[in-house]
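To keep things clear, I will list the structure first and then write my remarks on it.
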Amino acid sequence: MSKATLDPDNWSAFRSAAHKMLDAALDKMESAGKGRVWTPLPDEMKAALQSDLPITGISAEELRQKLEELLPYGVGNTHPRFFGWVHGAGNPGGIFAEITGAAMNANLGGRDHGAIYIEKQVLEWCRQLMGFPADSSGLIVSGTSMATIIALKAARDQRVGLECRKKGVGRVALVGYASAQAHSCLGRAFDLLGIGSDSLRKVPCDAHFRMDLEALKRAIEEDRAEGNIPFVVIGTAGSVNVGAIDALEKLADIAALENLWLHVDGAFGATAILSNKIRDYLAGIERADSLAFDFHKWLHVNYDAGCVLIRSAEVHLKAFSGRPEYLLEAGRGLAAGNPWPVDYGPELSRGFRALKIWTHFLEHGTDKLAEAIDKNCIQASYLKEKIQDSSTFELLAPVTLNIVCFRYVPEDVKNLDELNKEIVITLQEKGIAAPSTTILNGQLAIRVNITNHRTELRNLDLLVEEAEKIGITLILEKSFKVCK
Ligand SMILES: *Cc1c(COP(=O)(O)O)cnc(C)c1O
């Protein structure tokens, strides 16, 4: 008889390798502020990652060594000078949850077990946080992209009728609206739901990069006149380019008047509702029919963790329920506890993401999480002023929350887009800092997003100083056209 089990042959050797692994992980986290921001994977490691499928295994000790070698090569978002895109900085406490979660190996598709109650608790906290009614529903998901698909599916099914779950949406000309600054995950959701990304109208923005509400009303009117069926309007609470927040209260009024589903993309911005200083800007979010947001961005839960909340649990349930016989609820025993999470989303087997969110709130409490958000906004204002005071940089967008877009504008240089892009890439490659780029009004911007509880003001000073130095060097090397 084969003795095949995947448990260790030698628990004490396994245990000692695991303890060493834990120490290495803690060392990595304790020294998060040291060294380079981003280090590309060395060529020899890339080559080593092209091996054949292993036939025989290795010891826990050998495995530990391989993992420790990998530790330095993350995205860099645990470092205080990581300012790219919208990445959360993570936190050491997450290790507790990940270890416990691995030991439990729970499947949260459904049934009646401890992990399910943790997810329910987390969702209850989310309702409280966002001002959603006690009987609204929700689901913990991988992130805002998945949350958006779930929310818009509920919106679609409610408008078209549940028959579309069987027959498809056919030729129903559904259309929806979001600002021109809205995230690309919205168009992808329209695509995946068979509505088509062209049916997401991109409404122009005002000077503050918020949706122009008069333009929205005109777009709805035009679509109706053409026989299209408007079904959803999507407000952005914290746009990815500049951190703009649409006028959610007014959007909610328009949605009510026009009988449209109001969805809010609050990927990183919604969690700023914790801050006394920002909460007012988000007023109206509690009126949304659905809300998508992330824990892994401005709350720093380790990747990945997001949430969808849906005002009408009934509409939500009807859009996803329908279990085959082998999954039926039993009233008692392990298969009890209706409804199950599987009734609210597309995934059957689901990991225990809720655990790291639960431990995160328990460990830090909302006061401290709010403080970290406020700190980032103050840092963004500081950077904004620094840019405004400088003669060689210019600001490219107003600063509402935590994102500062600017560019280096030395005299007599023509191709500023090229120059600024090169500055950003050089900062990244030298391991100094990691801002990203975006295009605003046709101009390339150095984009500094601060969703980072480890960032200090001196990190921003260094960024600006080094960006200028690199700019000067690049011009001296004459790789940039100087107009004379
Ligand atoms: C990040 C982001 C998304 C997508 O969220 P994921 O968690 O990456 O799936 C959507 N909208 C906005 C505004 C974002 O910043």
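The values are calculated or read from the model by the stated rules, or taken from the named source; none is laboratory data. Here the structure is a predicted model, which means the values were calculated and not measured. Reconstructed Cβ throughout: ideal geometry from the backbone, glycine too, with neighbour counts over all protein chains shown.
Numbers below:
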item	result
Filter result for Asp294 (at pLDDT 95 or above, within 16 Å of the ligand (Cβ to nearest atom), surrounded by fewer than 18 Cβ atoms within 10 Å (Cβ to Cβ) and not small (Gly, Ala, Ser))	no
Filter result (of a type in the set (A, V, I, L, M, F, W, C) and in contact with a strand residue (DSSP E or B) (Cβ under 7 Å, 6 or more places away or on another chain)) within region 39-82	Phe82
The listed residue being under 17 Å from Leu462 (Cα atoms) and in contact (Cβ under 8 Å) with a residue 24 or more places away in the chain, out of Phe361, Phe393, Phe352	Phe393
Residues of region 261-283 that turn out to be in contact (Cβ under 8 Å) with a residue 40 or more places away in the chain and either more than 18 Å from His360 (Cβ to Cβ) or over 22 Å from the mean Cα position of the chain (by Cα) (or both), as a count	9
Sole exception among (1) touching a strand residue (DSSP E or B) at 6+ places or on another chain (Cβ under 9 Å); (2) exposed (fewer than 15 other Cβ atoms within 10 Å of the Cβ); (3) of a type in the set (A, V, I, L, M, F, W, C) for Trp85, by number	(2)
Any pair with Cβ under 6 angstrom, 6 or more apart, that starts in region 239-250 at a residue that is farther than 11 Å from Val399 by Cα and ends at one that is charged (D, E, K, R) and at pLDDT 95 or above	Asp246/Arg210
Candidate set: region 103-120, residues that are under 23 Å from the mean Cα position of the chain (by Cα) and part of a helix (DSSP H, G or I); chosen: the one nearest to the ligand (Cβ to nearest atom)	Glu119
Filtered residues of region 272-285 (kept if away from the ligand (no atom under 16 Å from the Cβ) and surrounded by 20 or more Cβ atoms within 10 Å (Cβ to Cβ))	Leu274, Ser275, Gly284
So Ile387, is it in a helix (DSSP H, G or I), closer than 26 Å to Asn276 by Cα and among the aliphatic types (A, V, I, L, M)	no
Condition check for Val122: at pLDDT 95 or above and in contact with a Lys or Arg (Cβ under 7 Å, 6 or more places away or on another chain)	no
Check on Arg458, within 24 Å of His208 (Cα to Cα), modelled with pLDDT of 95 or more and among the basic types (Lys, Arg)	no
Region 432-448, subset more than 17 Å from Ala182 (Cα to Cα) and not small (Gly, Ala, Ser), residue surrounded by the most Cβ atoms within 10 Å (Cβ to Cβ)	Val448
Filtered residue count, region 401-414, keeping only those that are surrounded by fewer than 21 Cβ atoms within 10 Å (Cβ to Cβ) and part of a loop (DSSP other than H, G, I, E, B)	5
Filtered residue count, region 121-155, keeping only those that are touching a helix residue (DSSP H, G or I) at 6+ places or on another chain (Cβ under 7 Å) and part of a helix (DSSP H, G or I)	12
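Residue-wise test of (1) of a type in the set (A, V, I, L, M, F, W, C); (2) exposed (fewer than 11 other Cβ atoms within 10 Å of the Cβ); (3) over 30 Å from Leu327 (Cα atoms).
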| position | (1), (2), (3) |
| --- | --- |
| Ala13 | yes, no, yes |
| Ser16 | no, no, yes |
| Pro40 | no, no, yes |
| Ala48 | yes, no, yes |
| Ser59 | no, no, yes |
| Arg64 | no, no, yes |
| Arg81 | no, no, yes |
| Ala103 | yes, yes, no |
| Leu108 | yes, no, no |
